[in-house]
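Trainee: One structure, as structure tokens, below. Some questions next.
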Amino acid sequence: IGEIELATQYISDPIVAVTGTNGKTTTTELIGQMLARSGLEVFVGGNIGNPLIDYVNAGMDKDVIVAEISSFQLDTTSTFKPKVSLLLNVTPDHMDRYRDFGEYTASKGKIFQNQDQHDYAILNKADRATEILAPKIAATPLYFNAGRNSENGTWLDEQGLHCHLPGQDPHTFDLSCLQVKGKHNVEN
């Protein structure tokens, strides 16, 4: 087993796991900052500097863990079960390690394999991998880049970020003061 699998066998705190070919580090850091600014105690780690095993070894107790998870790390998991899993995108990469794009996509999809209906899978509706993986996911799906009036997702337009989640009233966030550069970063 790999480090992620080993560490999470000793972690009971909720984990937000982020994977994708591009944007993992930025998105993981942003989620960590947003949660911390909302008053939660957060550990940010995984594939970005702070191994999850350090969290275990230090006996930390945080409200939430935000972890960047690579396909290489997912390949060595079997019981890893994040509360929230986020798949940003999948584009051909690491083709020296995987036979083809399908195998690489399946590797990224392992982030969802142990989740159930009480967990959340956040998926990029505009990404081809979502079409491949979504039918196999047991977690409650939430989409970004979902398109207008999605009942379980978010989308961007000139008015801002529209958010319509199950059981919640729709809300639009004004993004005019957002300092993140690049539409892909705003989407993530």
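The values are calculated or read from the model by the stated rules, or taken from the named source; none is laboratory data. Keep in mind the model is a prediction, meaning the values are calculated, not measured. A quick note on method: Cβ atoms are made from the backbone with ideal geometry, for glycine too, and the neighbour counts reach across all protein chains shown. Areas reflect the complete protein model, heavy atoms only, side chains present, ligands, DNA and RNA absent. Shrake-Rupley method; radii C 1.70, N 1.55, O 1.52, S 1.80 Å.
Trainee: Out of curiosity, is GLN117 closer than 30 Å to SER176 by Cα, open to solvent by 60 Å² or more (accessible area, probe 1.4 Å) and touching a strand residue (DSSP E or B) at 6+ places or on another chain (Cβ under 9 Å)?
Mentor: For GLN117, the condition - closer than 30 Å to SER176 by Cα, open to solvent by 60 Å² or more (accessible area, probe 1.4 Å) and touching a strand residue (DSSP E or B) at 6+ places or on another chain (Cβ under 9 Å) - is not met.
Trainee: Looking at the stretch 158-182, which of its residues are surrounded by fewer than 10 Cβ atoms within 10 Å (Cβ to Cβ) and either touching a Leu at 6+ places or on another chain (Cβ under 7 Å) or more than 18 Å from ILE122 (Cβ to Cβ) (or both)?
Mentor: Residues satisfying the conditions are GLU158, ASP169, ASP174, SER176, CYS177, GLN179, LYS181.
Trainee: Collect the residues in the stretch 31-70 that are polar (S, T, N, Q) and under 25 Å from VAL180 (Cβ atoms), keeping them in residue-number order.
Mentor: Once the filter is applied, which keeps residues that are polar (S, T, N, Q) and under 25 Å from VAL180 (Cβ atoms), the stretch 31-70 yields GLN33, SER38, ASN47, ASN50, SER70.
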